[in-house]
Amino acid sequence: MNSPGGDVTGKLTSLCAILSGIFVCGAAANAARVYLMQISGQQIVRRLRARLFSSILCQEVGFFDKTSTGELINRLSSDADLLGRSVTDNLSDGLRAVGQAAAGIGMMFYVSPQLAVFVLGIVPPLAVLAVFYGRYIRKLAGVTQDSLAAATQLAEERIGNIRTVRAFAKEHSELRTYTEMISQVLQLARKEAVARAGFYGASGLTGNLIVLSVLYKGGLLMGEAYMTVGELTSFMMYAFWVGISIGGLSSFYSALMKGLGAGGRLWELYERKPEMPLNGSVAVDGHDVRNLNPHWLRKNMGAVNQEPVLFSSSIAENIAYGTAQPSLLTMEAIEKAAKIANAYGFICSFPKGFQTIVGEKGILLSGGQKQRVAIARALLKNPKILLLDEATSALDSENEYLVQEALDRLMEGRTVLIIAHRLSTIQNANTVAVLDQGRIVECGTHQQLLANSEGLFRKLVEKQTFLQDSQRLVLKA
């Protein structure tokens, strides 16, 4: 015959074993939730950044003239990360808080609908406060991110042009300006802290008032024999659970509004379409470029600018950048392009040859060397249309000769558009267009334009010849 103590011990052991199993499963589920939300969050941020970067790369060149690099970098880094965290980790915590609050409220109505209605009458004022608070935080987050982007832009620009800053001894001035800008970010953070403190205080007070209301109203109901002690105890436990959930919802709501405020500019940038001019036209083989695929058009075009920009990598990598698949390019092809561009000699004079790192924007190379590397890069692209934008205007006579010789080789067998102020550069052009105030005022061959004594081209030729004669006279003197 079993003793009563043995039955209690067995039941208690079984109950503890079941609860232990539930707790273990709960811990495993919680760990899985944290892992999945963390991974999914990083995937969302990666995809968001990739699509945003793709949208940025597709914008027209004029967009980058009006938008600072620092601002775009801040959008890709800080804003994307903040938005990603607000819709993953915070969303998980928020959904858990919503579930707990819903379960607690359901049990409160199950135990005592009358007491539940009385207690939850405290929640609507908090909901109204949350609406105004959310709007304020969302707006403030957008302003904060804009201020942070401005500070990032200043730092990026000044560090990128540190030689100019040093040359004018502006280190202390730039430090003062940057400090003022990040101080503005701090002021905005203080405003956010005040708002969050008030909202968290109100939500915490709401939770405590719920418990206090249960004690007051529940005590009255017990006195009138509408509730038992056990029902009041259960109701208080559920009310306490709801109070804790409201605190979690407050944190989730704050983070969500902050993320949406930071993400507003992201969606604006993501949905922006490249703009083309609404007047004038540019045609290629009779087709308006506005009706062509811009990516296809750029693949068939090459350019050598007055100030060619190189990447902070090796000379070989910069030259190979001109091909569609640089990884498949052989070293022999790179060397051949360098020889045609008159760059092979100076490249081989470096200790590391083609593996020499050129520094940011090619700062470790001279102007003529950068030009010749850019020409080699354009050669490997083998474009059908070549644009030369003042490619020799900033060079000395020796480098100009080498670069011009390389350009002559590059121009063979393709359509070439030359932008130049030096008249010698366009002597062999099939057609010369003279621009004045952004409009074409003359068009024809070099000889035809020279024959027009009243034309602007003839006046420019005479003026440039006079300047050259004056320079020779000064040198002779």
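The values are calculated or read from the model by the stated rules, or taken from the named source; none is laboratory data. This one's a predicted model, so the numbers in the text were calculated from it and none came from an experiment. Here the Cβ is made from the backbone with ideal geometry for all residues, glycine too, and neighbour counts use every protein chain on show. Just the protein is used for accessible areas: all its heavy atoms, side chains included, with ligands, DNA and RNA removed. Shrake-Rupley method; radii C 1.70, N 1.55, O 1.52, S 1.80 Å.
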Item to complete: Would you calculate a helix-derived [θ] at 222 nm for the chain, using -39,500 (n - 2.57) for each DSSP H run of n ≥ 4 and dividing by the full residue count, to the nearest 500?
Response: -23000 deg cm²/dmol
Worksheet, complete the sentence: Heavy-atom accessible area of residue 270, protein chains in place, probe 1.4 angstrom, given in Å² to nearest 10, is 90
Worksheet entry | Å² per residue, accessible surface of segment 95-162 at 1.4 Å | 54
Item to complete: Give, rounded to the nearest 20 debye, the magnitude of the charge dipole that segment 34-92 has about its Cα centre when Lys and Arg contribute +1 at Cβ and Asp and Glu contribute -1 at Cβ.
Response: 200
Worksheet item: How far is it, in nm, from the label point at residue 161 to the one at residue 59 when both lie 7 Å from their Cα along the line to the Cβ?
Response: 1.9
Worksheet entry | Amide N of segment 124-152 lying under 18 Å from the label point, which is placed 7 angstrom from the Cα of residue 195 along Cα→Cβ | 126-149
Worksheet item: Ignoring any ligand, DNA or RNA, what whole percent of the accessible area of the chain comes from carbon and sulfur when the probe is 1.4 angstrom?
Response: 61
Response to the item:
Dimensionless Rg/Rh of the chain, both radii on Cα and Rh by Kirkwood, sits at 1.20
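Could you order the peptides 375-386, 146-157 from most to least packed, using the average number of other C-beta atoms within 10 Å per residue? Spell out each step's value before the answer.
Details: 375-386: 21.2, 146-157: 18.5.
Packing proxy ranking, top to bottom: 375-386, 146-157.
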Fill in: Sequence of 138, 422 when ordered by accessible area, the most exposed leading, probe 1.4 angstrom
138, 422
Discussion item. Which order do you get for 35, 133 if you rank them by accessible area with a 1.4 Å probe, largest at the top?
Written reply: 35, 133
Fill in: Selection from 117, 260, 134, by position along the positive dipole direction of the chain (Cβ)
117
Worksheet entry | Cα-centred dipole magnitude for segment 1-138, charges only on beta-carbon of K, R (+1) and D, E (-1), debye, nearest 20 | 160
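Might you tell me the accessible area per residue for segment 351-440, computed with a 1.4 Å probe and given in Å²?
In whole numbers, segment 351-440 has 57 Å² accessible per residue.
Kindly identify segment 299-343 as rounded, prolate or oblate by the Cα gyration tensor criterion: order the square roots of the eigenvalues as a ≥ b ≥ c, call it rounded if a/c is under 1.5, otherwise compare a/b with b/c, prolate if a/b is larger, else oblate.
In terms of gyration-tensor shape, rounded.
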Discussion item. Tell me which of 316, 382, 371 sits at the most positive position along the dipole axis of the chain, charges placed on C-beta atoms (Lys, Arg +1; Asp, Glu -1).
Written reply: 316
Worksheet entry | Segments 11-17, 239-245, 212-218 sorted - mean Cβ within 10 Å per residue, highest first | 239-245, 212-218, 11-17
Worksheet item: What share of the DSSP beta bridges in the chain is antiparallel, in percent to the nearest 5?
Response: 45
Worksheet entry | Unit charges at the beta carbon, dipole of segment 27-173: most positive-side option, 28, 160, 80 | 28
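Longer than 19 Å from Cα to Cα, which of 66/273; 299/339; 139/191; 139/258; 299/384 are they? Say none if no pair is.
Details: 66/273 15 Å; 299/339 24 Å; 139/191 12 Å; 139/258 8 Å; 299/384 9 Å.
Long pairs (Cα-Cα over 19 Å): 299/339.
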Worksheet item: What list of ³J(HN,Hα) values in whole Hz, one per residue of segment 199-204 in order, does the Karplus curve 6.51 cos²θ - 1.76 cosθ + 1.60 (θ = phi - 60°) give from phi, with Gly and Pro shown as x?
Response: 5, 5, x, 5, 5, x
Worksheet item: Classify segment 7-125: rounded, prolate or oblate, from the alpha-carbon gyration tensor (a ≥ b ≥ c, eigenvalue square roots; a/c under 1.5 rounded; otherwise prolate if a/b is larger than b/c)?
Response: oblate
Worksheet item: Under a point spin-label approximation (7 Å from Cα along Cα-to-Cβ), what is the residue 276-residue 363 distance to one decimal in nm?
Response: 3.9
Worksheet entry | Coordinate range along principal axes, alpha carbons of segment 87-172, Å, largest first | 78, 24, 16
Worksheet item: Excluding ligands and nucleic acids, what accessible area in Å² is computed for residue 287 using a 1.4 Å probe, to the nearest 10?
Response: 110
Practice prompt. Please give the FRET efficiency for residue 313 paired with residue 187, using the beta carbon to beta carbon distance and R0 = 51 Å, rounded to the nearest 0.05.
Written response: 0.80
Worksheet item: When the dipole is taken about the Cα centre of the chain, and only Lys, Arg (+1) and Asp, Glu (-1) are charged at their Cβ, what size is it in debye, to the nearest 20?
Response: 300
